[in-house]
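So the structure is just underneath, and the comments pick up after that.
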Amino acid sequence: MKIQYVQGECIFRRISPLPRQYDYLTENVETDVIIVGGGVTGAILGYYFSKQKIKAVILEKSRIAHGSTCISTSLLQYELDSNAMALKSYTSIPNILRSYELGIKALDEIEEFIAENGNTCDFKRVDGLYYTAKDTETKEIEQEYKLRKENGFRVEFIEKETNPFSFDVKAGLLSKGGGAQLNPYKFTHALLEVGSSMGLNVYENTEVLDVRYSEQGVTAETVFGHKVKGKLIIVATGYNTHLFTKRVFGTKTTAFNVATKPIDNLEDILKGVIVRDNEVTYHYFRTTSDNRIIIGGEDTKFLPDILNEELCTKSYDKLEQRLKNLFPKLKIAIEYRYCGAFASTDDNLGFLGKDPKNERLWYCLGYGANGILFSILGGMMLSNLYLGEVNEDLKLFKVDRFE
Ligand SMILES: Cc1cc2nc3c(=O)[nH]c(=O)nc-3n(C[C@H](O)[C@H](O)[C@H](O)COP(=O)(O)OP(=O)(O)OC[C@H]3O[C@@H](n4cnc5c(N)ncnc54)[C@H](O)[C@@H]3O)c2cc1C
């Protein structure tokens, strides 16, 4: 059975015009860095490497941003999937706090990119709300709030008596400016546009079928027989890495999103915040620039056969019902339903860096709910690494850290 990584009507592809189409590879090419994958991660890498004047080529087997990028909710937040206390047994509190700081740095980087290149991807810096609707679970929110407050993060605590939201919050942690939202399809294209203007070469419909390593470098063999030679190859293929390594990265699940039609009476307070609850598994929602709500959650065991719509309908229906329960006064009509593979790790971090056994094989894998922010960190740190600057923070994302 062929694994299907994405299924359904992705809102971001549907509501965005196609900004640009890239040619497929029609000749042999030499470069310094071969980036495999033309999703948001590959685009981020392409942007940072070309910004540093390093020659890079992106090879995408299908269309730009048609993989998990276009179904990403693109709810960007510095905090991790689980709170610090829950993660303590997999990593240390200083590591968790450092990853929060890095998340903020990545958010600032995106904001700077937008300031320099224009906001063509509906980017908006917002607050992040992490909350519980259960009286019995307020302590865990308070504990996380105290940890962040004591360590200098801009946070506020919301009690049920002071809840400014129309939905039920028994305790909430509001991270001021701790989040952002954007259109991932447009963001990917914006990165490629800027990257291309700095010398980046992008090829769509150019699948890498084989990779060969030698003393001199690495060669990627592509679908129509053309070769790309480089000094190293970076795997930015999302949840599909088996062509490059036997390593198993993370635990796969299937994650679901539904998006509404534009809502006339959308509350203003919702437009400046991204929201996540503390349930297992958690739910999250955000708004869009055209006043829709996208809600996600109801993750299930990985369904390789997600072509089977019946298997997914239950999760979509639950999400719709949850949204209606949260906002009984809003006129909610669902327009898009889609799902895809999602991979998480024990410490909630992705994988950035070299393969321990192969200097020419690098990874930029934004696993976990903060995938896009991890990829930004990957773009920054890996392009510096190429130039000889080793960033200590790369240790947090080491490829073999669970071995
Ligand atoms: C429902 C859902 C919601 C999510 N929400 C969020 C969120 O709110 N925030 C967040 O940060 N992350 C979120 N994620 C995770 C998010 O999808 C990732 O962070 C991000 O989109 C991954 O982008 P990518 O470029 O790494 O992968 P992809 O977009 O999957 O790109 C990989 C690309 O590699 C290409 N490829 C694969 N093999 C080859 C080959 N052999 N040759 C050439 N090309 C190849 C594929 O065609 C694909 O286009 C979510 C994921 C899901 C499923």
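The values are calculated or read from the model by the stated rules, or taken from the named source; none is laboratory data. The model shown is predicted, which means the values in this text are computed figures rather than measured ones. With ideal geometry, Cβ positions are generated from the backbone for all residues, glycine too; neighbour counts draw on all protein chains shown. To get the accessible areas, we keep the full protein, side chains included, count just its heavy atoms, and leave off ligands, DNA and RNA. Shrake-Rupley method; radii C 1.70, N 1.55, O 1.52, S 1.80 Å.
Kindly list, by first and then second residue, each pair from a residue in the range 276-305 that is touching a residue at least 40 places away in the same chain (Cβ under 8 Å) to a residue that is small (Gly, Ala, Ser) and more than 12 Å from the ligand (Cβ to nearest atom), limited to pairs with Cβ atoms under 8 Å and residues at least 6 apart or on different chains.
277/133
Only one of these conditions is not met by residue 56: (1) buried (at least 17 other Cβ atoms within 10 Å of the Cβ); (2) within 14 Å of the ligand (Cβ to nearest atom); (3) closer than 16 Å to residue 204 by Cα; (4) modelled with pLDDT of 95 or more. Which number is it?
Evaluating residue 56 over (1) buried (at least 17 other Cβ atoms within 10 Å of the Cβ); (2) within 14 Å of the ligand (Cβ to nearest atom); (3) closer than 16 Å to residue 204 by Cα; (4) modelled with pLDDT of 95 or more leaves (2) as the failure.
Quick one: which of 187, 153 is open to solvent by less than 40 Å² (accessible area, probe 1.4 Å), farther than 20 Å from residue 270 by Cα and in a helix (DSSP H, G or I)?
The conditions single out 187.
What's the number of the condition residue 85 fails, among (1) within 10 Å of the ligand (Cβ to nearest atom); (2) open to solvent by 40 Å² or more (accessible area, probe 1.4 Å)?
(1)
Here are the criteria: (1) open to solvent by less than 10 Å² (accessible area, probe 1.4 Å); (2) part of a helix (DSSP H, G or I). Tell me which single one residue 14 does not satisfy.
Here residue 14 clears every test but (1).
Pick out the one residue from 210, 277 that is among the charged types (D, E, K, R) and not assigned by TED's automatic domain parsing to the domain that holds residue 51.
277 is the lone residue from the list that is among the charged types (D, E, K, R) and not assigned by TED's automatic domain parsing to the domain that holds residue 51.
Output yes when any residue across the range 17-39 is under 20 Å from residue 243 (Cα atoms), open to solvent by 20 Å² or more (accessible area, probe 1.4 Å) and near the ligand (Cβ under 9 Å from one of its atoms), and no when none is.
Checked against the condition, which is being under 20 Å from residue 243 (Cα atoms), open to solvent by 20 Å² or more (accessible area, probe 1.4 Å) and near the ligand (Cβ under 9 Å from one of its atoms), the range 17-39 yields no hits at all.
Do you know which residues across the range 175-210 are without any contact (Cβ under 8 Å) to a residue 60 or more places away in the chain and either aliphatic (A, V, I, L, M) or within 9 Å of the ligand (Cβ to nearest atom) (or both)?
209, the sole residue that qualifies.
Name the residues in the range 354-369 that are open to solvent by 10 Å² or more (accessible area, probe 1.4 Å) and either within 10 Å of the ligand (Cβ to nearest atom) or not assigned by TED's automatic domain parsing to the domain that holds residue 240 (or both), would you?
Answer for the range 354-369, where residues must be open to solvent by 10 Å² or more (accessible area, probe 1.4 Å) and either within 10 Å of the ligand (Cβ to nearest atom) or not assigned by TED's automatic domain parsing to the domain that holds residue 240 (or both): 366, 369.
Could you tell me which residue of the range 96-141 is nearest to residue 381 (Cα to Cα), considering only residues that are touching a residue at least 40 places away in the same chain (Cβ under 8 Å), of a type in the set (Ser, Thr, Tyr) and open to solvent by less than 50 Å² (accessible area, probe 1.4 Å)?
Going through the qualifying residues, I end up with 99.
Looking at (1) within 23 Å of the chain's Cα centre (by Cα); (2) at pLDDT below 95; (3) open to solvent by 50 Å² or more (accessible area, probe 1.4 Å), which is the one condition that is false for residue 308?
(1)
Which of the residues spanning the range 370-388 are under 24 Å from residue 254 (Cα atoms) and either more than 8 Å from the ligand (Cβ to nearest atom) or acidic (Asp, Glu) (or both)?
The answer is 376, and nothing else.
Taking interchain pairs and intrachain pairs at least six residues apart, which have beta carbon atoms under 7 angstrom, with the first residue in the range 362-373 and under 25 Å from residue 213 (Cβ atoms) and in contact (Cβ under 8 Å) with a residue 24 or more places away in the chain and the second aromatic (Phe, Trp, Tyr) and more than 6 Å from the ligand (Cβ to nearest atom)?
Cβ pairs passing all conditions: 363/351; 365/249; 365/351; 366/374; 367/249; 367/351.
Determine whether the range 16-35 contains at least one residue that is among the aromatic types (Phe, Trp, Tyr), over 21 Å from the mean Cα position of the chain (by Cα) and on the phi < 0 side of the Ramachandran plot.
yes
Going by what's in this entry, would residue 254 be described as under 28 Å from residue 313 (Cα atoms), crowded, with 18+ Cβ neighbours inside 10 Å and touching a residue at least 40 places away in the same chain (Cβ under 8 Å)?
Answer is yes for this residue.
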